Amino acid sequence: MEELLKRAFSGDPRAIGRLISLVESEAPTAKELMKQIYPHTGKAHVIGVTGSPGAGKSTFVDRLISYYKNDGKKVGVIAIDPSSPYTGGAILGDRLRMQSHALDPDVYIRSMGSRGNLGGVSRATHEAALILDACGYDVVIIETVGVGQSEVDIVKIADSVCLVLVPGMGDDVQIMKAGIMEIADVFVINKSDKDGADKVASDVQLMLKLLGEKEWIPPVVMVSSYKNTGVDQVKTELDGHRHFLESSEEGKKRRYSKLEMEVEAILRGEISLIVERAWKEEREAGILDKLACRSCDPYTLTADIISKIVQ
């Protein structure tokens, strides 16, 4: 493990890929690995890019990488794809749309399956972002599988969130959902050369006014990823948002909130494993037969399992 970490910290892409694979597969060494990685994190700007499927997120990310590269930044990308129901692997391969950076030594692109997670990101996404952070990447971009009504988990991981909206896909209805509106730090109206883009932008501006004043007012940027227009402005706004987070009380609150959610997620995961083991023991002891003949009820059984765990 020490040799693997040493190679990864020196920028070896194969070693970095191996580390991400270990946490994604929930290998027994993954927890110890993350303990050693965590002290080296906290330097990268983690950017979430989310929006409806088909909004052009991958092409937008491809363009955004170029602008960060022009600033001399190392960029890591985690593209979350829908998972195969058979293998759990990513099946769309969004990184195919980022081929212009595939051979760049300062760009690392990794596809990860959502593993059925409804939050638009997989459970290992946060660990993968931490690994890229620790391995010297200045910017880590996470492209989600596609946001819906409740798929807003990216806000628990990213420092800054870009919500990509497009005309003609019902995004004028999508933005009426307050939960979707409130996660965005920058609104990107992609495919702005199409009819209806101005209406989407004006609807966003209206909803922002209805949500009330905030310290950071999310900018609305008109973008055409295909024509590569407006992406440089998005980068400028993201840089501004990072400065805001580093210099404001609101930024401090957000950092602490993310840390809370990080610890809570690990706690839930650990507790879930303990409960699963306890429940497996009960099943193997024949408790299902007792439940089937009603000599035991699930409420008492649940209370008994919990009392055994916490004693």
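Could you put S257, S25 in order of accessible surface area, largest first, with the 1.4 Å probe and the full protein assembly present?
Heavy-atom accessible area, descending, gives S25, S257.
Quote the accessible area belonging to H126 in square angstrom, nearest 10, computed with a 1.4 Å probe and with ligands, DNA and RNA left uncounted.
The accessible area comes out at roughly 40 Å².
To the nearest 10 square angstrom, how much accessible area does R268 have with a 1.4 angstrom probe?
140 Å²
Can you compute the modelled spin-label distance between E250 and L301, with each label point 7 Å from Cα toward Cβ, in nm?
In this crude label model, E250 to L301 measures out at 5.0 nm.
Would you list which lysines come within 26 Å of K6, measuring only between C-alpha atoms, while excluding same-chain residues fewer than 8 positions from it?
K31, K35, K43, K69, K73, K74
Note down the relative contact order for region 169-305 as a percent, whole number, built from C-alpha pairs under 8 angstrom at least six residues apart.
18 percent
Please report the carbon-and-sulfur percent of the accessible area for region 179-311; probe 1.4 Å, protein heavy atoms only, DNA, RNA and ligands left out.
Carbon and sulfur: 55 percent of the exposed surface of region 179-311.
If C135, C296 are ordered by their accessible area, calculated over protein heavy atoms with a 1.4 Å probe, which sequence runs from highest to lowest?
C296, C135
V310: accessible area at probe 1.4 Å, nearest 10 Å²?
About 110 Å², rounded to the nearest 10.
In Å, what is the Rg of the alpha-carbon atoms in region 171-311, and how long is Dmax?
Spelled out, the Cα radius of gyration and Dmax of region 171-311 are 24.9, 69 Å.
So how far apart, in nm, are the two label points at R268 and L210 if each is 7 Å from Cα heading toward Cβ?
2.8 nm
The values are calculated or read from the model by the stated rules, or taken from the named source; none is laboratory data. Because the structure is predicted, anything quoted here is derived from the model rather than measured. Note that we place each Cβ from the backbone using ideal geometry, even for glycine, and neighbour counts take in every protein chain shown. Surface areas here come from the heavy atoms of the whole protein model, side chains and all, with no ligands, DNA or RNA. Shrake-Rupley method; radii C 1.70, N 1.55, O 1.52, S 1.80 Å.
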